[in-house]
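Report on one structure; see the data block that follows.
Just so it is clear, none of the values below were taken in a lab; they were calculated from the coordinates. From a predicted model like this one, the values you see are computed outputs, not experimental measurements. Cβ atoms come from the backbone with ideal geometry, glycine included; neighbour counts cover every protein chain shown.
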Amino acid sequence: MVKAQEVEKAYEVAKQRYAEIGVDTDKVLADLKQVKLSVHCWQGDDIHGFLNPDQELTGGIGVSGDYPGIARTPDELTADLHEGLSLIPGKHKVQLHSLYAVTDKKKDLDELTPDDFKYWVDWAKQEGVGLDMNPTFFSHPKVKHNFTLASPEKDIRDFWIRVGENSRAISNYFGEALGQRSVNNFWIPDGFKDNPIDKQGPRERLIKSLDEILNSAKYDEKNTIEAFEGKLFGTGIESYTVGSHLFYNNYALTRNKLWTIDAGHWHPTEDVSDKFSAFLPFGKGLMLHVSRPVRWDSDHVVIFDEALVRIARSLVRDNQLSKTNIGLDFFDATINRVAAWVIGARATQKALLQAMLAPIADLKKAELNYDFTTRLAETEELKSYPFGAVWDQFCLQNNVPVGTDWLNNIHQYEKDVQFKRN
């Protein structure tokens, strides 16, 4: 068990070290506390949801592993979320999908209303968190030949348009009820496995469908805003993705909406962090899904790796946190599902903290003066600065376990709650 006085003693040393290069660690800790992460509920139940939990996952989505203790009911999932959030510093948000509706009677995706999410709003109020929304466009019989909103069949498109329209009303409900804007993120799995003849037609149909969804009702953006998520390719649509990155980049720009960048949806050699500064001078803002691809979009639990560090540095150094909504998106059933939330969220916060603990103004000044020697020397030295002591202080200030002490909570929760489910 880490002792508070040891943490505070180490922090004072680190504080002095950073002060010598002009960094106020107390201010950095206050700034980091303002950054809300959007924690994805689907890590807790392997994306089964509650509308039709026995439905096979489709749309290129798959979860590996069978670690015991999976959440099977709304109460089990919210209990797990509560446990996870209690081990992550600060107050955050939770992302939902349409399939997590809690209904009194069996409903299809296109029949959902805000009332079907009252359970979640009541829980969020009790927890003190916000809610984000994702309409579910997968794992359903009406995903026909890998097509939804871009389908050539009008009845298929109409079904999914209703799903999208309903999601906007639900997201607006979240924002009104909780006093925090809800981001409503659209991702669809439409595309072809092999080379198509017509690449234009599906995209024109998708534009028409999305426009119909957006024009169905007007909502105050203080309550809700839409975001659109592209992908390079997915399982089953290797040759052609209707909702590509460039497609949604342009759609978000022309409709004045958010563009979603998922860190796992790009070619493995691309630097996702380089996209932010290219888009944000033109765009309204970003929804960022922090994930970890291994070879490809495998949604591994986020860790404190070089890709995450680059993402955090880009957002912090270019002062873009206020225009970026940071959400988590991964699922791993080979480990404790609650621990996965904690590991991914804390890694993301650590990356942001390390990015903030730098004399950014001085480094930019050196760069403007072509002093690349100073830029390289100082950024290299910063890598060994005692940011870990500042992180421990952040945990202590926010009343969450320091170091690996949080694992004791997980092991006890497994014993008392999760392992009794099987």
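Put in order of Cβ neighbour count within 10 Å, fewest first, the listed residues Thr25, Thr269 become Thr269, Thr25. Counting every other Cβ atom within 10 Å of each residue's Cβ, His48, His145 order from fewest to most as His145, His48. Applied to segment 354-360, the Karplus parametrisation 6.51 cos²θ - 1.76 cosθ + 1.60 on θ = phi - 60° returns per-residue 3J(HN,Hα) values of 4, 5, 6, 7, 8, x, 4 Hz, with x for Gly and Pro. Counting each DSSP H run of 4 or more residues in the chain as -39500 (n - 2.57), what helix-only mean residue ellipticity at 222 nm follows after dividing by all residues, to the nearest 500 deg cm²/dmol? When only DSSP H runs of four or more count, the value is -13500 deg cm²/dmol.
How charged is the neighbourhood of Ala263? Take every other residue with its Cβ under 11 Å from the Cβ of Ala263, and add Lys/Arg as +1 and Asp/Glu as -1. It works out to a net charge of -4. Listed values for segment 383-390 are Karplus-derived 3J(HN,Hα) couplings in whole Hz (6.51 cos²θ - 1.76 cosθ + 1.60, θ = phi - 60°), namely 5, 9, 5, x, 5, x, 5, 6, and x replaces Gly and Pro. Cα centroids of segment 117-145 and segment 1-28: how far apart, whole angstrom? Here the two parts' Cα centres lie 40 Å apart.
Averaging Cα coordinates gives a centre for segment 394-422 and one for segment 267-290; these two points are 34 Å apart.
In this label model, Glu12 and Asn369 are separated by 3.5 nm, measuring between points 7 Å along each Cα→Cβ vector. Helix 245-255 axis versus longest C-alpha principal axis of the chain: approximately 80°, rounded to the nearest ten. Within a straight-line Cα-Cα reach of under 17 Å, Lys257 can be paired with the following lysines, leaving aside sequence neighbours fewer than 8 residues apart in one chain: Lys208, Lys218, Lys222, Lys275, Lys284, Lys323. Ordered from longest to shortest, the equivalent ellipsoid semi-axes for segment 99-195 are 28, 14, 11 Å, each the square root of 5 times a Cα gyration tensor eigenvalue. Counting only the backbone N, which residues of segment 380-398 are under 16 Å from the spot 7 Å out from the Cα of Ala19 toward its beta-carbon? Label zone hits: 386, 390.
Computed over every Cα-Cα pair of segment 297-422 and binned at 10 Å starting from 0, the pair-distance distribution P(r) comes out as 11, 33, 32, 16, 6, 2, 0 percent. Under 5 Å between amide hydrogens, built in the peptide plane, is the criterion, and for Asn325 it picks out Leu286, Met287, Leu288 among residues at least 5 positions away or on other chains.
Across every pair of non-identical alpha carbons in the chain, the mean reciprocal distance, once inverted, gives a Kirkwood radius of 22.5 Å. Rounded to the nearest Hz, the phi-derived 3J(HN,Hα) couplings of segment 76-90 under the Karplus curve 6.51 cos²θ - 1.76 cosθ + 1.60 (θ = phi - 60°) are 5, 5, 5, 5, 5, 4, 4, 5, x, 5, 5, 10, 10, x, x, where x marks glycine and proline.
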